[in-house]
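Asker: Shown below is the structure under consideration.
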Amino acid sequence: MSDFLDASVPLSQYTQAFGDTLYMVCVALFVGSVIGIPVGVLLAITRKDGLRENRIVYVVLNTVVNIVRSVPFIILMVAIMPFTRLVVHTSIGTNAAIVPLVVYVIPYIGRLIESAILEVDSGIYEAAESLGAGTIETIRYFILPEAKGSMVLALTTATIGLIGATAMAGTIGGGGIGDLAISYGYQQFDTVVILVTVVILIVIVQLVQSFGNWYARKSRHEKKG
């Protein structure tokens with residue numbers, strides 16, 4: 001294995017890059033989910049004919065989500081550099097890359113969660129109403145459990161999107177596999193590094209997607225059971 005990898009990039013460097021990518025994805029996904037899931041729920045329940053229709057809240061959230069999602073990630077990273085420096089006191093490195101990753105993934109998760117909740121059958125709302133459930137109870141005990149399988153797939157899609165975004169974060173020295181590919185593969189014309197980083201990314205994405213599909217199926221079977 002070590003003979004296959006170019007001597008200028010030792011195996012330990014690939015391991016470090018993998019660790020950096022995992023760190024960025026996990027932190028950004030966690031923070032993004034904590035904020036993005038409530039955003040998605042609000043979008044779903046405040047829209048027209050939603051559980052708690054509120055035109056002002058929906059229009060504001062919908063507009064913000066659309067604006068952020070319209071900006072390509074590479075441009076978003078540069079555009080919010082002042083905010084990144086304010087938060088982590090630097091605009092370069094792994095921690096700095098997490099800030100635009102979070103900003104990028106929040107509206108992404110929000111829109112996916114909104115779509116997952118909209119798939120919930122109207123009968124669930126009627127059942128909640130007949131039992132006298134309030135808004136919070138309806139969301140917690142009826143809507144979210146019913147939408148769990150779709151939400152798992154939504155978060156799986158968001159995770160894969162984050163993996164791709166971390167690769168682009170390498171353009172600002174964000175660390176991770178993308179930084180390795182750019183610093184050694186692209187700038188030093190090292191084809192081996194490019195091939196190895198591509199294979200690593202493909203394997204990670206396949207593992208994430210397979211796990212997400214399995215857990216979504218498991219969630220749906222548990223619901224039927």
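The values are calculated or read from the model by the stated rules, or taken from the named source; none is laboratory data. Predicted model, so just to flag it, every value in this text is computed and none were measured. Reconstructed Cβ throughout: ideal geometry from the backbone, glycine too, with neighbour counts over all protein chains shown. Remember, those area values only see protein heavy atoms, side chains included, never the ligands or the DNA or RNA. Shrake-Rupley method; radii C 1.70, N 1.55, O 1.52, S 1.80 Å.
Asker: Looking at region 157-195, which of its residues are among the polar types (S, T, N, Q) and surrounded by fewer than 23 Cβ atoms within 10 Å (Cβ to Cβ)?
Answerer: Answer for region 157-195, where residues must be among the polar types (S, T, N, Q) and surrounded by fewer than 23 Cβ atoms within 10 Å (Cβ to Cβ): THR157, THR171, SER183, GLN187, GLN188, THR191.
Asker: Those residues that are among the hydroxyl-bearing types (Ser, Thr, Tyr) and surrounded by 20 or more Cβ atoms within 10 Å (Cβ to Cβ), I need them from region 37-61; list them, please.
Answerer: THR46
Asker: Look through VAL25, VAL34, VAL68, VAL64 and report the one residue that is loosely packed, with under 14 Cβ neighbours inside 10 Å and modelled with pLDDT of 90 or more.
Answerer: Residue meeting the stated conditions: VAL34.
Asker: Taking the conditions exactly as written (part of a helix (DSSP H, G or I), farther than 28 Å from THR46 by Cα and small (Gly, Ala, Ser)), does SER183 satisfy them or not?
Answerer: Against the criterion (part of a helix (DSSP H, G or I), farther than 28 Å from THR46 by Cα and small (Gly, Ala, Ser)), SER183 qualifies.
Asker: On to the next question. Please find, within region 202-219, the residue that is modelled with the lowest pLDDT out of those that are open to solvent by 90 Å² or more (accessible area, probe 1.4 Å) and under 14 Å from GLY149 (Cα atoms).
Answerer: Among residues in region 202-219 that are open to solvent by 90 Å² or more (accessible area, probe 1.4 Å) and under 14 Å from GLY149 (Cα atoms), the one modelled with the lowest pLDDT is ARG217.
Asker: For region 118-132, what are the residues that are assigned to a helix (DSSP H, G or I) and surrounded by fewer than 17 Cβ atoms within 10 Å (Cβ to Cβ)?
Answerer: Those that are assigned to a helix (DSSP H, G or I) and surrounded by fewer than 17 Cβ atoms within 10 Å (Cβ to Cβ): LEU118, SER122, GLY123, ILE124, GLU126, ALA127, GLU129, SER130.
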